[in-house]
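Engineer: Got a structure here, written out as structure tokens. Questions coming.
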Amino acid sequence: MVLGPHGGVDEVQAVRGMGDAREALKKWFSSRGFRPIGKEELPELEEEPDMAFEGPGGLAFVIILDGRAIGNRAVFTDAIMRASALRGECNFLYLAVPRAVAPFVDTEVLRKRSTGLLVVDEEGVFEALASPRRPLRKSGAEGGGSVEELLDRIALLEDRISALESELMAIRPLLNELGSVRKLREDVKAISSRLDSLSRRIDMISSSVLMRPEAPRPPPRPSPAPGPPELEGLPSFFKDNPWLEILARRGRDELPA
């Protein structure tokens, strides 16, 4: 993927900016000795460039992207596929974009495909990445063209794989968090099972305590018999004297009936 989605770019302004891009590109190539050529001057091609120029260094093709391509991966992929198909048919190949889109262009992908980058704005054209000169593709009879195209397509697949790996790396932290949540759920289930087991044991213990027969109460202890009334006014000799009780009984026994 050459460009990434970015909702903050004013697409309408970018489209308007590319409306005069063709004139600006003509002036830029003209200043370098190239003249624009029409489709009728080009050989039959599988893919057609948006603009073509001819100069001292050979043929130069341009693929134009405007603001409508922002956030549309299919458009970006199509542009790279077109560049791969056209690279062997020209000596120089450029991708032209408005200035608002330029910060989101992956120049490393373009560099791998020997494709330059031209940034177009109100002031003119700026060459952000130069296109190296490559020889034209050999005729199909010699077999060079098919190999060249195959290598370009392989490079495109490698870029797609790299993009998928980047997306996978971005998703991996979420997968780790999901694993942590799953482990936490298992721990909660284990704790809940233990609590249920403890609750059942407490219920069993409570039931056994309620069903146990009540232990018999010991009979009340008899209160001690009251002792003889204290003799008030008598000397201390008579207090707590066991002989007084004996003599009293003997006296009651000797009384006539």
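Computed from the coordinates by the stated procedures, all read-outs in this text should not be read as laboratory data. Note that the structure is predicted; figures quoted are calculated from it, not measured. A quick note on method: Cβ atoms are made from the backbone with ideal geometry, for glycine too, and the neighbour counts reach across all protein chains shown.
Engineer: Please list, in order along the stretch 26-31, the HN-Hα scalar couplings obtained from phi with the Karplus expression 6.51 cos²θ - 1.76 cosθ + 1.60 (θ = phi - 60°), rounded to whole Hz, x for Gly and Pro.
Structural biologist: Result, ordered by residue: 4, 5, 5, 5, 5, 5 Hz.
Engineer: Taking other Cβ within 10 Å of each residue's Cβ, how do L184, L25 sort, fewest first? Could the numbers behind the result be given before it?
Structural biologist: On the way: L184 10, L25 24.
In increasing order of surrounding Cβ atoms, one gets L184, L25.
Engineer: What GluC sites (Glu not before Pro) in the stretch 34-130 are in a loop by DSSP, with at most 12 other Cβ atoms within 10 Å of the Cβ?
Structural biologist: Passing both the DSSP loop test and the Cβ count: E44, E46, E122, E123.
Engineer: Specify the inter-centroid distance of the stretch 64-132 and the stretch 21-62, based on alpha-carbon positions, in whole Å.
Structural biologist: Computed from Cα coordinates, the inter-centre distance equals 15 Å.
Engineer: So how do R194, R217 line up by other beta-carbon neighbours within 10 Å, fewest first?
Structural biologist: Lowest count first: R217, R194.
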